[in-house]
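The values are calculated or read from the model by the stated rules, or taken from the named source; none is laboratory data. Note that the structure is a prediction, hence the values are computed from the model and not measured. Counting neighbours? That spans all protein chains shown, and the Cβs are built from the backbone with ideal geometry, glycine included. Remember, those area values only see protein heavy atoms, side chains included, never the ligands or the DNA or RNA. Shrake-Rupley method; radii C 1.70, N 1.55, O 1.52, S 1.80 Å.
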Amino acid sequence: MAELPTGTVTFLFTDVEGSTQLLHELGDAYAEVLGEHRRALRDCFARHDGVEVDTQGDAFFVAFAKASDALAAAAEGRDALTVGPIRVRMGLHTGEPAVTEEGYVGVDVHRAARIAAAGHGGQILVSQAARDLVGDGGLRDLGEHRLKDLTGAERLYQVGDAEFPPLKSLNQSNLPVQPTELVGRQQELEEIRDLQRNSRLLTLTGAGGSGKTRLALQAAAEVVDEFPDGVWFVGLAALTDHRLVHSTIGQVVGARDDLGQFLRGKNLLLLLDNLEHLLPDAAPQIAELDTTILATSRERINIAGEQEYPVPTLLVHDAVSLFVQRARQLKPGFEPDAYVTEIARRLDGLPLAVELAAARTKVLTTEQIRDRLGHSLGLLTSGKRDGPERHQTLRATIEWSYQLLSVEEQLLFSRFAVFDGSFDLEAAESVCGADIDLLQSLTDKSLLRQTKERRFFMLETIREYAVEQLEGMAEGSPLACRHAEHYHSVAHTLRPRKSDSQEATRKRSRFRAEQPNLRSALEYFLTEDRAEAAQEMVDDLWFYWMQAGQLVEGERWIERALAAADPRPSRLLASLISLHGEFLRFRGEIERAIPLKERAIEMGRSLGDHREVASNLHDLADAWAHAGDYVRARAAASEGLEIRRTLGDPGGIAHALSTLGDIALFEGELAEASRIYAEILELIDADPGESLDEAICLHCLAECRRRQGEYEEATANLVDAIKLATELNLIFGVPDMLDTAAGLTGLSDARRGAVLVGAAETLRKESGFDYFDRAESERIAVSLRDSLGESEFNRALDEGRQLPVEAAMQAALESLD
């Protein structure tokens with residue numbers, strides 16, 4: 001073999017698409033065709049000074065000293081194969097790999113292979129690093145894509161303008177980004193893949209720290225192309241209530257109400273991670289899920305049809321590679337020696353134990369690590385539900401890591417057990433008294449990790465050990481109190497207030513990140529006889545449960561807070577009663593909502609809280625309007641408007657007017673409704689910051705104008721409403737916007753209109769939100785069905801039902817363009 005290029009090197013990987021099928025189709029002739037393919041590519045590589053590093057089956061791995069030569073060779077090779085049955089995908093990536101006796105090593109080699117694997121036959125993909133060297137001539141920007149190594153996204157380019165299917169990347173997935181590639185595990189991945197072909201539910205079992213989660217993540221990434229509706233990671237480690245399993249999954253996949261109904265007919269994979277603490281109670285809920293599931297647990301779920309896969313430990317040479325990978329993150333020049341192999345053997349190849357030991361290379365030699373491990377392994381404690389030997393080895397490693405900490409580090413490590421899920425620097429400082437140096441030290445030692453958003457978390461196995469230490473400390477109870485009080489404050493900062501869309505988006509993101517700790521704080525206050533604090537948190541957080549479509553969870557917290565409330569009239573009690581009615585109203589349970597709203601109004605009057613009375617009159621008017629009693633609806637809305645005007649509250653006036661506009665719309669008084677909605681928009685323009693109200697009002701005005709035949713004006717209003725809803729990441733009101741878009745689109749393209757009806761139907765079912773005007777939505781659907789015919793309408797409807805909310809809103813905008 002020619003001498004391998006060094007320094008900056010461009011790698012080219014090639015692979016034949018559909019080789020197994022070709023073998024079946026061509027039979028004995030396949031060998032001759034494959035030989036011609038090899039000769040053609042090798043000639044191209046040689047003409048451009050490529051060095052063949054490896055050949056396996058029908059795949060080439062070639063290195064070039066110049067990126068331009070690699071690109072020219074790839075293009076020439078592709079053109080040489082245009083005649084014939086073989087279609088080759090290629091990937092180019094540039095980096096600075098290390099060269100060893102075995103050849104190239106480093107992440108750039110793996111990245112180049114992943115880039116090639118993302119393409120299709122006849123397609124040449126180029127990484128950003130390679131593109132920076134060759135320029136953009138003849139390259140088509142395909143945007144950023146996450147590849148199946150689960151590390152950060154890569155911007156990819158295509159040679160030429162030919163059209164291909166979407167890249168085989170992880171864009172339809174939320175699999176978390178990993179800091180490094182998976183080490184080893186090729187045999188395990190193949191075995192898991194074989195089991196997945198025949199199993200609806202596959203559970204990876206093993207001791208804590210055996211690498212179940214990382215293996216499952218990679219196994220899921222490998223099959224993402226086979227699940228058109230996505231591959232979705234659902235972390236359950238921080239969940240304490242098994243009754244919230246369905247709503248937690250729903251939050252991830254976008255099912256905001258009936259998870260079972262959402263999953264029906266979809267082809268997706270759920271990765272349910274760390275669920276052993278929810279067993280056996282959660283087992284029936286998991287059994288109900290009609291989809292493919294890959295789970296991780298320390299024990300089998302024990303339901304019908306489950307296939308268990310006990311995760312083995314790493315082979316010694318893979319454990320050594322993992323040790324080196326982790327050590328080089330701390331000491332880039334680290335080189336393995338015989339002691340590393342001995343450490344890997346002593347730790348039985350347990351990934352977490354290996355990582356913890358490797359984290360010590362910053363201050364200890366490998367010989368010292370080996371010796372200290374030997375001492376620690378003599379101090380084993382045993383007897384948890386994991387397999388005894390594995391558990392003892394891992395526990396001993398964590399114990400050893402803990403004993404090497406300073407007293408201050410030990411104290412902080414134990415305190416961090418108070419958090420559920422991840423936490424930010426502010427919480428670490430406020431709750432646990434952490435400082436930056438100690439945080440950095442615990443992170444360097446692999447006892448603490450960070451997300452890409454720079455939030456801290458512990459692996460569940462390490463957290464369990466920290467919990468044990470905290471339970472033996474006198475400060476456990478006051479620490480739990482500080483934790484709850486901190487998140488009480490966090491909830492108050494999240495309380496919706498008049499703000500711009502950027503601030504609203506930031507708050508929603510923080511709510512999602514903090515939700516496990518917010519749940520823990522709520523539970524603490526409700527069980528420690530501090531009901532008022534829990535009630536205040538519910539009053540602060542209700543909007544986010546509603547926006548996230550977590551109506552079931554929100555209603556449960558509201559009901560628990562009400563059950564613990566002092567029955568004497570108070571503004572907080574009135575607010576909770578009102579919220580209970582509001583959640584019921586959102587779900588269309590009008591008969592249950594009305595008496596609650598009436599009770600809240602009565603209590604507000606007794607307390608002299610005019611603003612709360614007006615707000616509830618607005619909600620009650622809306623409920624009466626949906627019940628068809630327009631007389632009562634108009635009376636309540638008019639009284640609320642009078643109070644708002646007396647208070648001089650522009651936002652409140654807009655709220656009250658919106659209900660009067662809705663009533664006029666429902667009664668067919670379209671000119672009056674349009675006048676009212678226009679007045680509301682003027683109020684919002686004069687007092688900005690109510691973006692949600694603006695989006696809803698724009699939609700209502702669009703619907704009014706659509707019914708009046710003012711289609712151009714209606715389209716302009718609706719486009720503005722959908723764009724604003726997209727910017728705000730709204731779910732509330734969006735199904736109704738899609739129905740209006742269907743009515744407008746159907747005037748010229750009935751099929752596209754029917755697709756939007758299907759999308760609205762699905763989103764309504766997923767979110768649990770009721771119709772704005774059920775009768776009008778049904779009229780739109782009937783009109784489209786009449787235009788298309790039953791069978792074509794149903795096909796378009798089914799197409800729309802499969803659209804995610806973002807795609808549905810984009811489809812609506814395109815149809816209105």
**Item:** Those residues of segment 89-112 which are among the hydrophobic types (A, V, I, L, M, F, W, C) and at pLDDT below 90, in sequence order
**Value:** 98, 99, 105, 107, 109
**Request:** With a cut-off of at least 3 residues that are closer than 19 Å to residue 124 by Cβ and open to solvent by less than 40 Å² (accessible area, probe 1.4 Å), name the helices (runs of 4 or more DSSP H) lying wholly within segment 1-85.
**Result:** 29-47, 67-80
**Item:** Residue that is part of a helix (DSSP H, G or I), touching a Phe, Trp or Tyr at 6+ places or on another chain (Cβ under 7 Å) and not hydrophobic (A, V, I, L, M, F, W, C), where the choices are 591, 553, 536
**Value:** 553
**Asked** From the residues in segment 735-761 that are touching a residue at least 60 places away in the same chain (Cβ under 8 Å) and under 25 Å from residue 551 (Cα atoms), which one is surrounded by the fewest Cβ atoms within 10 Å (Cβ to Cβ)?
**Response** 737
**Message:** Between 454, 482, 506, 512, which is outside any loop (DSSP other than H, G, I, E, B) and within 27 Å of residue 296 (Cα to Cα)?
**Reply:** 512
**Request:** Kindly establish whether residue 304 is among the small types (Gly, Ala, Ser), farther than 26 Å from residue 153 by Cα and outside any helix (DSSP H, G or I).
**Result:** yes
**Message:** Scan segment 195-211 and tell me whether some residue there is in a helix (DSSP H, G or I) and closer than 27 Å to residue 118 by Cβ.
**Reply:** yes
**Prompt:** Restricting to segment 82-108, what's the tally of residues that are under 31 Å from the mean Cα position of the chain (by Cα) and over 25 Å from residue 18 (Cβ atoms)?
**Reply:** 5
**Request:** For segment 11-40, name all the residues that are β-branched (Val, Ile, Thr) and touching a residue at least 60 places away in the same chain (Cβ under 8 Å).
**Result:** 14, 16
**Request:** Out of the residues in segment 440-489 that are free of Cβ contacts under 8 Å to residues at least 12 places away in the same chain and among the polar types (S, T, N, Q), state the one that is nearest to residue 408 (Cα to Cα).
**Result:** 440
**Message:** Quick check on my filter: what residues within segment 599-615 are out of contact with any Gly (no Cβ under 6 Å at 6 or more places or on another chain) and touching a residue at least 40 places away in the same chain (Cβ under 8 Å)?
**Reply:** 611, 615
**Asked** Filtering segment 251-282 down to residues that are buried (at least 18 other Cβ atoms within 10 Å of the Cβ) and free of Cβ contacts under 8 Å to residues at least 24 places away in the same chain, which residue is farthest from residue 308 (Cα to Cα)?
**Response** 253
**Request:** Under 9 Å between Cβ atoms, at least 6 apart or on separate chains: pull out the pairs that start in segment 177-203 with a residue that is over 24 Å from residue 323 (Cα atoms) and open to solvent by 70 Å² or more (accessible area, probe 1.4 Å) and end on any residue that is polar (S, T, N, Q) and in a loop (DSSP other than H, G, I, E, B).
**Result:** 200/291
**Prompt:** Looking at segment 408-463, which of its residues are open to solvent by less than 10 Å² (accessible area, probe 1.4 Å) and under 21 Å from residue 325 (Cβ atoms)?
**Reply:** 442, 446, 447, 448, 462
**Message:** Filter segment 212-239 down to the residues that are closer than 30 Å to residue 518 by Cα, open to solvent by less than 20 Å² (accessible area, probe 1.4 Å) and assigned to a loop (DSSP other than H, G, I, E, B) and list them by number.
**Reply:** 230, 236, 239
**Prompt:** Taking the condition open to solvent by 50 Å² or more (accessible area, probe 1.4 Å), in a helix (DSSP H, G or I), modelled with pLDDT of 85 or more and under 28 Å from residue 504 (Cβ atoms), does residue 723 pass?
**Reply:** yes
**Prompt:** Given (1) touching a strand residue (DSSP E or B) at 6+ places or on another chain (Cβ under 8 Å); (2) surrounded by 19 or more Cβ atoms within 10 Å (Cβ to Cβ); (3) among the acidic types (Asp, Glu), where does residue 141 come up short, assuming only one miss?
**Reply:** (2)
**Request:** Inspect all residues belonging to segment 251-263 and state whether any of them is under 30 Å from residue 318 (Cα atoms) and among the hydrophobic types (A, V, I, L, M, F, W, C).
**Result:** no
**Prompt:** Checking residue 243 against (1) out of contact with any Leu (no Cβ under 9 Å at 6 or more places or on another chain); (2) open to solvent by less than 40 Å² (accessible area, probe 1.4 Å), which single condition isn't satisfied?
**Reply:** (2)
**Asked** Quick check, is residue 535 buried (at least 19 other Cβ atoms within 10 Å of the Cβ), at pLDDT below 95, of a type in the set (S, T, N, Q) and closer than 25 Å to residue 485 by Cα?
**Response** no
**Filtered residues of segment 148-176 (kept if of a type in the set (A, V, I, L, M, F, W, C), surrounded by 20 or more Cβ atoms within 10 Å (Cβ to Cβ) and in contact with a strand residue (DSSP E or B) (Cβ under 6 Å, 6 or more places away or on another chain))** = 156, 167, 175
**Request:** State the number of residues belonging to segment 567-588 that are in a helix (DSSP H, G or I), closer than 29 Å to residue 774 by Cα and charged (D, E, K, R).
**Result:** 2
**Request:** Give the residues of segment 769-817 that are closer than 14 Å to residue 750 by Cα, of a type in the set (A, V, I, L, M, F, W, C) and without any contact (Cβ under 8 Å) to a residue 24 or more places away in the chain, sorted by residue number.
**Result:** 782
